[in-house]
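> Pasting a structure here, questions to come.
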Amino acid sequence: MATVGFIGLGNMGGPMAINLIKAGHQVKGFDLAAAAIATFTENGGNSVASASEAAQDVDFVITMLPAGAHVRSVYGSTDGIIATARAGTTFIDCSTIDVQSARDVAQSAADAGFDMVDAPVSGGVAGAAGATLTFMVGGTETGFTAAEPILSAMGKNIVHAGDAGNGQAAKICNNMILGISMIGVCEAFVLAEKLGLDHQKLFDISSTASGQCWSLTSYCPVPGPVETAPSNRDYQPGFSAAMMLKDLKLAQEAAQATSAPTPLGAQAAALYALFDAAGHAQTDFSGIIKFLRGEA
Ligand code: NAD
């Protein structure tokens, strides 16, 4: 069994760290928020006083932080964890951050002699609690091989996407597809309503025709056809519109940095920004159908 320092014990990191404990690993946890630490210790975790302390004398350090700036600061400031970890520690950053920050921090770790992978997740809070997350991993073959057994205590699918930063690249490309396709499905239902076509009829036809996609068949934005979809719970997330906007903005940042043409990605980001600004940041992202109907 491994020793792990876990930094960032929030909605995702908290249950992920607890799953590592359940799998028999020794986990030292740190978070800036007292409530996050309390939940961790109530579930058998050993809390420590700083990120540096969490990173000392462990086989793995896992970070699950809000954004690139947090990751850069935790790894790279003068008393950052790259400076305090022992030789042989593998760093795993599971946060969703911009590709460039992921590559820069991995390079700093490599310069200091450490393996580091970026391993953002999909599956949300339910996947974190149930240890069913998908990990999209960027880094060297050695880093991936080291990280895989520990990631398998927290998730089901662990995919090596290529070099450093490619986990983040996979995550933002996937979520750009998701944001665009959800808006497409919502627009089709709104048009169907105007044309007098029943929701269930459109679902039955399109779910087996060329309009088929995950946003329709697994996460239908109108209540009825898919029982587990947030549309049946008044659009309680799920995956919040704020999270979708964050990922679409990261995709746009990357598109601008690389001159990739992503006009629909840009449009999706603009629509989710309006939806958020209208007070729906904490609504499930499929709730954008209300906005398209003029109801939000
Ligand atoms: P969260 O805000 O609940 O948790 C982040 C935690 O990091 C907080 O508890 C915060 O106190 C802590 N933190 C911030 N700076 C810190 C520092 N310097 N040292 C120690 N702790 C620090 O967020 P979350 O929902 O757990 O998301 C974490 C990451 O996972 C984000 O990058 C998010 O985009 C990604 N993600 C979230 C979901 C989801 O459904 N919530 C799904 C997939 C990916």
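The values are calculated or read from the model by the stated rules, or taken from the named source; none is laboratory data. Note that this is a predicted model, so its numbers are computed, not measured. Glycine gets a Cβ as well: all are built from the backbone with ideal geometry, and neighbour counts include every protein chain shown. What goes into the accessible areas is simple: the full protein's heavy atoms, side chains included, and nothing from ligands, DNA or RNA. Shrake-Rupley method; radii C 1.70, N 1.55, O 1.52, S 1.80 Å.
> Residues of the chain: accessible area per residue at 1.4 Å, in Å²?
Values: 13060 Å² over 296 residues.
Accessible area per residue: 44 Å².
> Please report the carbon-and-sulfur percent of the accessible area for region 1-116; probe 1.4 Å, protein heavy atoms only, DNA, RNA and ligands left out. List each step's numbers first, then the result.
Values: 2480 of 4820 Å².
Roughly 51 percent of what the probe reaches on region 1-116 is carbon or sulfur.
> If you put +1 on each Lys and Arg Cβ and -1 on each Asp and Glu Cβ, how big is the dipole of the chain around its Cα centre, in Debye rounded to 20? Spell out each step's value before the answer.
On the way: 14 positive and 26 negative charges, 83 e Å.
I would put it at about 400 debye.
> Now, a different point. With a 1.4 Å probe and every protein chain left in place, tell me how much accessible area L197 has, in Å² to the nearest 10.
Rounded to the nearest 10, the figure is 80 Å².
> To continue, here is another question. Heavy-atom accessible area of K156 with all protein chains present, probe 1.4 Å, nearest 10 Å²?
Rounded to the nearest 10, that gives 150 Å².
> Work out how much length Q100 to Q212 would gain on full extension: take 0.36 nm times their residue separation and subtract the Cα-Cα distance, in nm to one decimal. It would help to have the intermediate numbers written out before the result.
Numbers: separation 112, 0.36 × 112 = 40.32 nm, distance 3.37 nm.
Extending this stretch completely gives an extra 37.0 nm.
> Using the charge dipole of region 171-296 (Lys, Arg: +1 at Cβ; Asp, Glu: -1 at Cβ; taken about the Cα centre), state which of T217, C173, V190 has its Cα farthest towards the positive end.
C173
> Further question: Give, as a single signed number, the net charge of other residues whose beta carbon lies under 13 Å from the beta carbon of A255, with Lys and Arg counted +1 and Asp and Glu -1.
-2
> Cut-off 15 Å, label point 7 angstrom out along Cα-to-Cβ of D57: give me the residues of region 20-37 whose amide nitrogen falls inside.
Of the residues in region 20-37, 26-29 have backbone N under 15 Å from the label point off D57.
> Of T145, T134, which has the most accessible area with a 1.4 Å probe, and how do the rest follow in descending order?
Working: T145 85, T134 35 Å².
Descending order: T145, T134.
> Order E53, E227, most accessible first, counting only protein heavy atoms with a 1.4 angstrom probe. Provide the component values of the computation, followed by the final result.
Values: E53 75, E227 165 Å².
Greatest to least solvent exposure: E227, E53.
> Could you work out how far helix 166-195 tilts from the main Cα principal axis of the chain, as a 0 to 90 degree angle to the nearest 10?
Helix 166-195 sits roughly 20 degrees off the main axis of the chain.
> Once amide H atoms are built 1.01 Å from N in the peptide plane, which residues 5 or more positions from T132, or in another chain, come under 5 Å H to H?
It is none; the list stays empty.
> To the nearest 0.05, what FRET efficiency results for N46 and D111 with a Förster distance of 25 Å applied to their C-beta separation? Intermediate results must be reported in sequence, preceding the final value.
Numbers: r = 30 Å, r/R0 = 1.22.
Once the sixth-power term is evaluated, E becomes 0.25.
> Any idea of L248's accessible area? Nearest 10 Å², probe 1.4 Å.
L248 exposes around 0 Å² with every protein chain in place.
> Let me ask something additional. Label point 7 Å out from K22 along Cα-to-Cβ: which residues of region 120-135 have amide N under 20 Å?
Of the residues in region 120-135, 121-135 have backbone N under 20 Å from the label point off K22.
> OK, next. Over 27 Å between Cα atoms, which of K246/K290; K156/K201; K28/K249 qualify?
On the way: K246/K290 20 Å; K156/K201 34 Å; K28/K249 33 Å.
Beyond 27 Å: K156/K201; K28/K249.
> Which of the peptides 81-94, 200-213 is most tightly packed, and how do the rest follow, going by the mean number of other Cβ atoms within 10 Å of each residue? The partial results should precede the final answer.
Working: 81-94: 21.3, 200-213: 13.9.
By packing density, highest mean first, the sequence is 81-94, 200-213.
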